[in-house]
Every structure is written in structure tokens, then in C-alpha cells.
Amino acid sequence: MLVLAEVCRIVDAPEYAAAIYERLLPYAQTLCVVSLNLSEMGPLTRPLGVLATLMDDYTHAERHFEDALATSERLGAPPHVARTSSDYARMLLARRSPGDVERAAGLLGRARSIARDVGMKGVLADVGEMEQQLSGA
């Protein structure tokens, strides 16, 4: 389900987001661990935030991203902080409520710094695209 959430984000497929969201929601307060190679994929609240964003449910998206950031920080997991910050910024740029652009800029700066330090090329590319949106805002 986590991978399907990522695919929905990448291909911008909001029509599938609600079904995946409903299946992931019962596991919101868990971490995703892939047992084949013991990879830890972070708090499931991040992909829930991605899916809520795709559904234009910004209230739930914000709650999920805030939870994912807090959990990632508590775990001491900078890569998850970077990915969550990037996805959270994407939601804020879509919503565009007062203060959202400024908050997105701060999250993007944080994501860029962490991603550069740990070599997260995908996050750096995402951040670069959103920073271009900001410069045109």
C-alpha cells in the first residue's frame, strides 16, 4: 500500500487515493518495515498525508504530515524528515492558504539541507522543482 501511495503521487492519480487511504488508515500510528531486506520505510502517516493531499483533504494531510515529522524527529531519522518535509511542502503549495508559501519555503530548505547531506537525489530533484514554483509565485 505504501508503494501504491507513492505511485499515486508520482503519476498524479487522485482517483485511486481514497481506496488506498482507507486501507492504510488503520495503520497510521505504525512504521513500515519491509521484511525481505529489513528496510524501514518510516511512519505511515507520511503516505497518508500524500494520499490526503491528492484527495484535496488538506486538513487531514496537514495532521498526517505533522505527525510524520514529529515521529521522524523523535526516531532521529533525517531521511524521513527530508521526505516528509518535501511532501508537506508540496501540500502547502497546492493549498495556498495564508502563510503556506512561507512555511513551504522553510520545509523545502530543511529537506534540501538534509537530502544534500545524506545523498537523497530524488528528494533534491523534488525540492528543486518546488523551489522553481516558489520563485514564480
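The values are calculated or read from the model by the stated rules, or taken from the named source; none is laboratory data. Keep in mind the model is a prediction, meaning the values are calculated, not measured. No Cβ is skipped: glycine too gets one built from the backbone with ideal geometry, and neighbour counts run over all protein chains shown.
One residue alone among Ala61, Ala82 is free of Cβ contacts under 8 Å to residues at least 60 places away in the same chain, out of contact with any strand residue (DSSP E or B) (no Cβ under 6 Å at 6 or more places or on another chain), under 19 Å from Ala125 (Cβ atoms) and not acidic (Asp, Glu), and that residue is Ala82. When the range 2-50 is limited to residues that are within 16 Å of the chain's Cα centre (by Cα) and small (Gly, Ala, Ser), the one that is modelled with the lowest pLDDT turns out to be Gly42.
When Ala70, Ala115 are checked against the criterion of being at pLDDT 95 or above, out of contact with any strand residue (DSSP E or B) (no Cβ under 7 Å at 6 or more places or on another chain), within 23 Å of Gln133 (Cβ to Cβ) and aliphatic (A, V, I, L, M), Ala115 stands alone in meeting it.
Is it the case that some residue within the range 117-135 is of a type in the set (D, E, K, R) and without any contact (Cβ under 8 Å) to a residue 12 or more places away in the chain?
Checking the range 117-135: at least one residue is of a type in the set (D, E, K, R) and without any contact (Cβ under 8 Å) to a residue 12 or more places away in the chain.
Sort through Arg103, Arg116, Arg112 and tell me the only one that's in contact with a Leu (Cβ under 7 Å, 6 or more places away or on another chain), over 24 Å from Tyr58 (Cβ atoms) and part of a helix (DSSP H, G or I).
Details: Arg103 fails: over 24 Å from Tyr58 (Cβ atoms); Arg112 fails: over 24 Å from Tyr58 (Cβ atoms).
When all the criteria are applied, what remains is Arg116.
Checking the stated criteria, Asp87 turns out to be within 16 Å of the chain's Cα centre (by Cα), buried (at least 23 other Cβ atoms within 10 Å of the Cβ) and either assigned to a loop (DSSP other than H, G, I, E, B) or touching a residue at least 24 places away in the same chain (Cβ under 8 Å) (or both).
From the list Glu62, Glu73, the one residue that fits, being in a helix (DSSP H, G or I) and within 16 Å of Thr30 (Cα to Cα), is Glu73. Of all residues in the range 90-109, which are crowded, with 19+ Cβ neighbours inside 10 Å and touching a residue at least 24 places away in the same chain (Cβ under 8 Å)? Of everything in the range 90-109, those that are crowded, with 19+ Cβ neighbours inside 10 Å and touching a residue at least 24 places away in the same chain (Cβ under 8 Å) turn out to be Arg90, Met91, Leu93, Ala104, Leu108.
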